[in-house]
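Every read-out reported here was derived from the displayed coordinates using simple, explicitly stated rules and does not represent laboratory data. For clarity, every value in this text was computed on a predicted model and none was experimentally measured. Please note: Cβ atoms are built from the backbone with ideal geometry, for glycine as well, and neighbour counts cover all protein chains shown.
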Amino acid sequence: MPVDAHGHERSYLSGFLGFFDKTLTLAELEIRKLRHDPTELLTRAVQPLLWLLVFGEVFTKLRVIPTGNLPYLDYITPGILAQSVLFIAIFYGIATVWERDLGIVHKFLVSPTPRLALVLGKALSAGVRAITQAAIIYVLAVAIGVDLRFDVVSITGVVIFVFLGAAVFSTLSLIIACLVRTRERFMGIGQVLTMPLFFASNAIYPVALMPSWLQYIAQGNPLTYQVDALRGLMLPGFVTTYPILLNLGVLVLVLMVLALIAARLYPRLAR
């Protein structure tokens, strides 16, 4: 009996390690694409730069959005970081549509790689792209005088929440890619989703300023929890609306649910 138990343990361990290795391999394939086109990182920096320099600076002077003793430019910086992560991740699935048209998805599906590993591999690569975007926004924020925390715990926390946010929205993007047949329809749905997700969150104004019906929507929006955590980690003295662990738990739970749905739908891409 003990031999069987040890055998089962070795089998479970080898299965987990194999799953983990395949996930990392797929993530590495996706990240390699970024190395071939590093200019994408620079073009991604244009939008947050405009939000910080134009929207942030103007509303800081107008003082129309109450943020306590915190300058509005500081308040909006974590929200713009989360917005950038959202915009990168929500269109991530279009690459999967291209892969389907090129026949790459078919090759993945006939391989012994678990569908969940395919999904998580793409989520990991989206997280890496988002972290590079976070580095760019940190540089921009420091350049315009935003007061940020730079201790190891805060930076580590920011990396975790940026990574999780990218994984959540890239997995949602993959689900959309599994349900639509054309790139044009995917782009249309992606554009429809980004603005409601962004504005129905606390990215650019507190949830308390919203009408009551919109507050309920914001509380069910994963972006709200990501932004809340990023503010607590990035801004000195900022008190989060929700505990950091609650923010973490919500994002992990949403990621798990979306990943399981995406893994279930993934074979539809080949049809």
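Please work out the FRET efficiency for the pair Ile65 and Arg264, using the Cβ-Cβ distance as r and a Förster radius of 35 Å; give the result to the nearest 0.05. Kindly include the intermediate steps, with their values, before the conclusion.
Details: r = 42 Å, r/R0 = 1.19.
That gives a FRET efficiency of 0.25.
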Tell me, in nm to one decimal, what length is gained between Ile160 and Met256 on full extension, where the rule is 0.36 nm per residue of separation less the Cα-Cα distance?
-> 33.0 nm
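Order these by the 10 Å Cβ neighbour count, fewest first: Ser125, Ser173.
Ranking Ser125, Ser173 by Cβ neighbours within 10 Å, fewest first, gives Ser125, Ser173.
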If you rank Ser170, Ser84, Ser154 by fewest surrounding Cβ atoms within 10 Å, what's the result?
-> Ser154, Ser84, Ser170
Contour minus end-to-end for Leu245 and Trp98, with contour as 0.36 nm per residue of separation and end-to-end as the Cα-Cα distance?
-> 49.2 nm
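When each pair of different Cα atoms in the stretch 57-208 is counted once in the 1/r mean, what is the Kirkwood radius in angstroms, to one decimal? If you can, show how the numbers build up before the last one.
Values: mean 1/r = 0.0585 Å⁻¹.
Computed over the stretch 57-208, the radius equals 17.1 Å.
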When you take every Cα atom in the stretch 154-271, what is the radius of gyration, and what is Dmax, the widest Cα pair distance, in Å?
-> 15.6, 52
Just grab the label-to-label distance for Gln191 and Leu209, each label 7 Å out from Cα along the Cβ direction, in nm (one decimal).
-> 2.7 nm
